[in-house]
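This report refers to the structure that appears directly beneath it.
The values are calculated or read from the model by the stated rules, or taken from the named source; none is laboratory data. Not measured: the values here are computed from a predicted model. Reconstructed Cβ throughout: ideal geometry from the backbone, glycine too, with neighbour counts over all protein chains shown. Each accessible area value is taken on the protein alone, full model and side chains, heavy atoms only, with ligands, DNA and RNA left out. Shrake-Rupley method; radii C 1.70, N 1.55, O 1.52, S 1.80 Å.
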Amino acid sequence: MPLQPASPPLWQSLLFPSLAGGMAWGIRGQYGHETGAMLAGLLVGLVLALLYCPAAPSLFTLRAVAWCTAAMGIGGSETYGQTIGLTQNAPVIGHWDALLWGMLGLAIKGGLWIGFAGAFLGMGLSGVRYRCWELLLVLLAMVGLSLLGVWLINQPYDPANKVLPAVYFSADWVWEPDAEALKPRREAWGGMVLALAGLLVWTGGVRRDGLAWRMGLWGLLGGALGFPGGQSLQAFHAWNPELFRTGVWIWLDPIMNWWNCMETTFGLIMGATLGLGLWLHQRRIAPPTKVPAPTLLPVFEAVLVIAHVTLLACAEFTGLAFPSRLYEMGLVLALIPIVGSAGGRWWPSLLILPITAFPIAGKTVRQLVYKDPSVAPLPGWLIYFVLPVALTTLAAVWLIRRPKDAPAAPGLRLSLLLTTWLYFGLNFGFFHLPWPWQTWTGRTPNAMVYVGCAVGLTLCALLSGRRRSSDSGGGLPG
């Protein structure tokens, strides 16, 4: 018999995932596509798991969070910078067709990005049992569908001869016919369309997982609203500069990072949408009373961890061609973590804590010690790499040592507190410590927003999942 999930009020399911998504997606901008986006899957997944499954078995909930974390990185394969450019670059200001086309492209790309995370979160919380081997086969099939989709939809691609796909959302001579320096980028969203469609059809039609495909659609909606919704702020600023030359904007506009505002708004909208979707379909959450024994032997888990971390390190920090090309495809990057988390005892905890922290900490050191030096190598490595990886590893060991069927709330609470302040702190360092009592820079307003988000997530972690004597559902005190 499955356990009865908690039933938090709607405002909690909207507010706390929104804060998680806003902070994490804004931080993502400093750290890159796939591994940066995983922060949003991690924080949103932790919040929703804590709100709805505080009494569920620990391994069950950690696995759902791990899948959401890995899946949020899949959409990072998409290119979107030039799509944003269609809505705000100087040559197309005033061109409404370019604006609408760019917003349509952002809606498609954003929807696909969050759709994968929604689907895998639903798979993790639905109670349907997914085995390692079937997820391996499904993910390999999704890779094949992705390659097919790129071939069908994102071809032909021959910018030297000005030949681009029929449906194309990056820099194009259609919008700038006289431009001589355009460098159109290769798009991959067509592959994401077929891969996500295949996943939703399989989960809904074959595995009869009603929560997975529904949450996939809610993810599509959240991304389709969030990306153009956030970009509308940045585009409005670009299209109407005269409005920002009066009043308080005379002081505030020069220190506003509108790109980061776009990212933060995207995260706020998509987090709230995922929360709304799960609130509407909470009856389909089916945590078991006990989790089946892990099917991966420890030696195989260790091999997978070593293989993934090695490939990840090479792809992110060495520039070696093979691992870089392999892991620049989000589906391939997510394959080992999802399969490992499906059958492993260690994988979920390792993925959501040290494995996700590793590239973020490494990129922080690279930025602050080498690219834009602001701290000496020894303290830089100790503060921004050794300490984050050590803390997350110790927390993961504690999670692994807990009984797999123990209530999830303590582990989720610890993970949410640790990751919230860890990534806030790393990003604050990346922002060169923009304290509000010092001269404000282009980083200060966003840093202050993240302070508010982190405080809200702290309250969520400290108060959520605690049962009242008259209410077995848990949640914040009403």
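Structure notes:
- Residue, most open to solvent (accessible area, probe 1.4 Å), within region 280-300, restricted to residues that are basic (K, R) and either under 26 Å from the mean Cα position of the chain (by Cα) or modelled with pLDDT of 95 or more (or both): R283
- Selected residue (only one of L86, L104 is surrounded by 21 or more Cβ atoms within 10 Å (Cβ to Cβ) and not acidic (D, E)): L86
- Listed conditions (1) modelled with pLDDT of 95 or more; (2) open to solvent by less than 10 Å² (accessible area, probe 1.4 Å); (3) farther than 17 Å from G226 by Cα are all met by A6, apart from (1).
- Any hit, region 162-185, residues being open to solvent by 50 Å² or more (accessible area, probe 1.4 Å), over 30 Å from L48 (Cβ atoms) and touching a Ser or Thr at 6+ places or on another chain (Cβ under 7 Å): yes
- Within region 378-408, the set of residues being open to solvent by less than 10 Å² (accessible area, probe 1.4 Å) and under 20 Å from K290 (Cα atoms) comprises L399, A408.
- Filtered by the rule that a residue be over 21 Å from H432 (Cα atoms), in a helix (DSSP H, G or I) and among the small types (G, A, S), region 377-410 gives A390, A395, A396, A409.
- Here region 334-352 is the region considered, the condition is being out of contact with any Leu (no Cβ under 8 Å at 6 or more places or on another chain) and surrounded by 24 or more Cβ atoms within 10 Å (Cβ to Cβ), and the residue that is farthest from G45 (Cα to Cα) is L350.
- Only one entry in W279, W258, W249 is more than 18 Å from T35 (Cβ to Cβ) and without any contact (Cβ under 8 Å) to a residue 12 or more places away in the chain, namely W249.
- Any hit, region 211-230, residues being free of Cβ contacts under 8 Å to residues at least 40 places away in the same chain, surrounded by fewer than 19 Cβ atoms within 10 Å (Cβ to Cβ) and part of a helix (DSSP H, G or I): no
- Scanning region 57-82 for residues that are open to solvent by 10 Å² or more (accessible area, probe 1.4 Å) and either part of a loop (DSSP other than H, G, I, E, B) or among the basic types (K, R) (or both) yields R63, T79, Y80.
- Conditions (1) at pLDDT 95 or above; (2) in a helix (DSSP H, G or I); (3) out of contact with any Cys (no Cβ under 6 Å at 6 or more places or on another chain); (4) not acidic (D, E); number of the one not met by R208: (2)
- Among the conditions (1) within 30 Å of A141 (Cβ to Cβ); (2) crowded, with 21+ Cβ neighbours inside 10 Å, V303 misses just one, which is (2).
- Residue match in region 234-249 (condition: under 19 Å from F169 (Cα atoms), in a helix (DSSP H, G or I) and open to solvent by 40 Å² or more (accessible area, probe 1.4 Å)): no
- Cross-chain or 6+ apart pairs with Cβ under 6 Å, region 42-56 first and open to solvent by less than 10 Å² (accessible area, probe 1.4 Å), then aromatic (F, W, Y): V47/F16
- Any hit, region 114-127, residues being at pLDDT below 95 and out of contact with any Ser or Thr (no Cβ under 8 Å at 6 or more places or on another chain): yes
- For P57, the conditions (1) farther than 26 Å from F424 by Cβ; (2) in contact with a helix residue (DSSP H, G or I) (Cβ under 9 Å, 6 or more places away or on another chain) all hold with the exception of (2).
- For region 121-142, residues that are crowded, with 16+ Cβ neighbours inside 10 Å and either under 21 Å from the mean Cα position of the chain (by Cα) or not in a loop (DSSP other than H, G, I, E, B) (or both) total 12.
- If you go through region 83-94 and keep only what is under 15 Å from F169 (Cα atoms) and either outside any helix (DSSP H, G or I) or in contact with a strand residue (DSSP E or B) (Cβ under 7 Å, 6 or more places away or on another chain) (or both), you end up with just N89.
- Qualifying residue in region 160-182 (condition: more than 30 Å from R345 (Cα to Cα) and assigned to a helix (DSSP H, G or I)): yes
- Taking the conditions (1) of a type outside the set (S, T, Y); (2) open to solvent by less than 10 Å² (accessible area, probe 1.4 Å); (3) not in a helix (DSSP H, G or I) in turn, Q155 satisfies each one other than (2).
- Long-range neighbours under 7 Å by Cβ, at least six apart or interchain, first residue more than 25 Å from G362 (Cβ to Cβ) within region 426-453, second not in a helix (DSSP H, G or I): T444/P434; T444/P436; P445/M256; M448/P436
- Condition check for L296 on (1) in contact (Cβ under 8 Å) with a residue 12 or more places away in the chain; (2) assigned to a helix (DSSP H, G or I); (3) aliphatic (A, V, I, L, M): one failure, at (2).
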